[in-house]
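This report refers to the structure that appears directly beneath it.
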Amino acid sequence: MAKQKVAVIFGGRSSEHDVSNVSAAHVIRSIPKDEYEVITIGITGRGHWVRYIGSLEQIVDGSWEQHPDNVPCILSPDPLHKGFILLESDGTFNDLKVDCVFPVLHGKNGEDGTIQGLLALSGIPFVGCDMISSANCMDKEMTHVILEAAGIPMAKYIAMRRRDMDKIDEVIAEAEAKLSYPMFVKPCCAGSSVGVSRVSNAGEMREGIKLAFTADNKLLIEEGVKGVECECAVMGNAQPFASAVGEIKSANEGFYDFESKYENDSSETLIPARISETASERVRETALKAFKAIGCEGLARCDFFLCEGDRPVLNEINTMPGHTPISMYPKLMEHAGLSPSEQEDRLIQLAMERQI
Ligand SMILES: Nc1ncnc2c1ncn2[C@@H]1O[C@H](COP(=O)(O)OP(=O)(O)O)[C@@H](O)[C@H]1O
Ligand SMILES: [Mg+2]
């Protein structure tokens, strides 16, 4: 039987472009080549799409963008094409049909429903959550609204839009009236802790608000939650399963910021988390409940704080969690008994099984 063609899309116009490169190289390396032919499609930092043919090393280090053989391409929204259109240098167009797309893109323009909407139009099966659940998980205010309605505990918060910047004093007063310090100011739609600050007074909050608005037009001010940061990986469509719980030991205690995530070697992920059996069961149950309530499919990583009394408080859901060799999602799934190849195979199969 002919191998199925899977297009892995990576890079992207997002602050997490570099993380996507590393995730994608791991995914491409792991996809079983006896079953699938992998087509590599890069989106440059400026948003240009190219069909890339070259080494995985150049994907990891980002130099794929300058590869001389890159061919500009577009994903056709017309389901007649079911694939990409290559814009060859001699001015001709070539169809590149694919059976499935694996968008290994993190953050804005990749994990937020934009590309999922385009893929839905194209009629090509794709890995991961659909447009609406991706968008609702990306927008931290929407995540709060939907999951609180489903009875899932989350931090107390207020939201602020950029257009209300002239009322910043009122917003700070409202935050101080409703929430207690320390608080976290974070852009609604970002990731990798970009633009997130922990603040302990009004002056710091003002700076935090300005910083968060460099990443998005809407932000949340949340009450700081004291607890063990832990994460649970979920996979499946109608009957998803939850992995064991992993624990984050951030180099910067109490704040898993960008530096602790990617630059500080003393941050650790522990699998399983050092929590009780009861706590672990509660986290896994809540992860599945949240996954279903917000309409996720395929995969997601649900992030929690485990508070005193073994109470899980949900922080956020990542619909295309990091897939680097040291990322929590693939490690938790390996712990659940799925090798990297089995994970990618499963995710592609879940995409093909789903009605779009
Ligand atoms: N309400 C909160 N209480 C305690 N810590 C928080 C809170 N919100 C965020 N953090 C800290 O900031 C980090 C990044 O925030 P998060 O909401 O996960 O944004 P991102 O989408 O950028 O990962 C978290 O991993 C956690 O360490
Ligand atoms: Mg996070």
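Annotations
Residue by residue, here is whether (1) more than 27 Å from residue 345 (Cα to Cα); (2) in contact (Cβ under 8 Å) with a residue 60 or more places away in the chain; (3) among the charged types (D, E, K, R) holds:
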| position | (1), (2), (3) |
| --- | --- |
| 57 | no, no, yes |
| 91 | yes, no, no |
| 111 | no, yes, yes |
| 141 | yes, yes, yes |
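- Test for residue 284: is it under 30 Å from residue 183 (Cα atoms), more than 16 Å from ligand 1 (Cβ to nearest atom), out of contact with any helix residue (DSSP H, G or I) (no Cβ under 7 Å at 6 or more places or on another chain) and touching a residue at least 12 places away in the same chain (Cβ under 8 Å): yes
- The one condition in (1) at pLDDT 95 or above; (2) touching an Asp or Glu at 6+ places or on another chain (Cβ under 8 Å) that residue 107 fails to fulfil: (1)
- Selection count, the range 261-289, where residues are over 24 Å from residue 149 (Cα atoms), of a type outside the set (Ser, Thr, Tyr) and within 15 Å of ligand 2 (Cβ to nearest atom): 1
- Checked against (1) more than 16 Å from ligand 1 (Cβ to nearest atom); (2) crowded, with 22+ Cβ neighbours inside 10 Å; (3) assigned to a loop (DSSP other than H, G, I, E, B); (4) not basic (Lys, Arg), residue 323 passes all but a single condition, namely (1).
- Residue satisfying condition, being under 29 Å from residue 219 (Cα atoms) and assigned by TED's automatic domain parsing to the domain that holds residue 301, within set 106, 144: 144
- Of the candidates 351, 273, the single residue that is crowded, with 16+ Cβ neighbours inside 10 Å, over 29 Å from residue 257 (Cβ atoms) and modelled with pLDDT of 95 or more is 351.
- Selection count, the range 152-188, where residues are under 26 Å from the mean Cα position of the chain (by Cα), over 14 Å from residue 225 (Cβ atoms) and surrounded by fewer than 20 Cβ atoms within 10 Å (Cβ to Cβ): 4
- In summary, residue 145 fulfils each of the numbered conditions (1) within 16 Å of ligand 1 (Cβ to nearest atom); (2) within 22 Å of residue 252 (Cβ to Cβ); (3) out of contact with any strand residue (DSSP E or B) (no Cβ under 9 Å at 6 or more places or on another chain) with the single exception of condition (2).
- Within the range 308-320, considering residues that are touching a Pro at 6+ places or on another chain (Cβ under 9 Å) and not in a loop (DSSP other than H, G, I, E, B), the one nearest to ligand 2 (Cβ to nearest atom): 314
- Single residue of 193, 197, 180 found to be of a type in the set (S, T, N, Q), under 29 Å from residue 292 (Cα atoms) and either more than 13 Å from ligand 1 (Cβ to nearest atom) or in contact (Cβ under 8 Å) with a residue 12 or more places away in the chain (or both): 193
- Out of 186, 108, one residue alone is within 16 Å of ligand 1 (Cβ to nearest atom), over 21 Å from residue 307 (Cβ atoms) and basic (Lys, Arg). It is 108.
- Only one entry of 207, 263 meets the criterion of being assigned by TED's automatic domain parsing to the domain that holds residue 144, surrounded by fewer than 21 Cβ atoms within 10 Å (Cβ to Cβ) and farther than 21 Å from residue 300 by Cβ, and that entry is 263.
- Only a single criterion out of (1) within 15 Å of ligand 2 (Cβ to nearest atom); (2) closer than 17 Å to residue 315 by Cα is not satisfied by residue 149, namely (1).
So that you can scan it fast, the table gives a plain yes or no per residue for (1) in contact with a strand residue (DSSP E or B) (Cβ under 8 Å, 6 or more places away or on another chain); (2) part of a loop (DSSP other than H, G, I, E, B); (3) within 16 Å of ligand 2 (Cβ to nearest atom):
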{"site": "225", "(1), (2), (3)": "yes, yes, yes"}
{"site": "239", "(1), (2), (3)": "no, yes, no"}
{"site": "254", "(1), (2), (3)": "yes, yes, yes"}
{"site": "259", "(1), (2), (3)": "no, no, yes"}
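- Count - residues of the range 295-320 that are among the aliphatic types (A, V, I, L, M) and away from ligand 1 (no atom under 15 Å from the Cβ): 1
The values are calculated or read from the model by the stated rules, or taken from the named source; none is laboratory data. Remember, it's a predicted structure, so these values are computed and weren't measured experimentally. Positions of Cβ are generated from backbone atoms using ideal geometry, with glycine treated the same way; all protein chains shown enter the neighbour counts.
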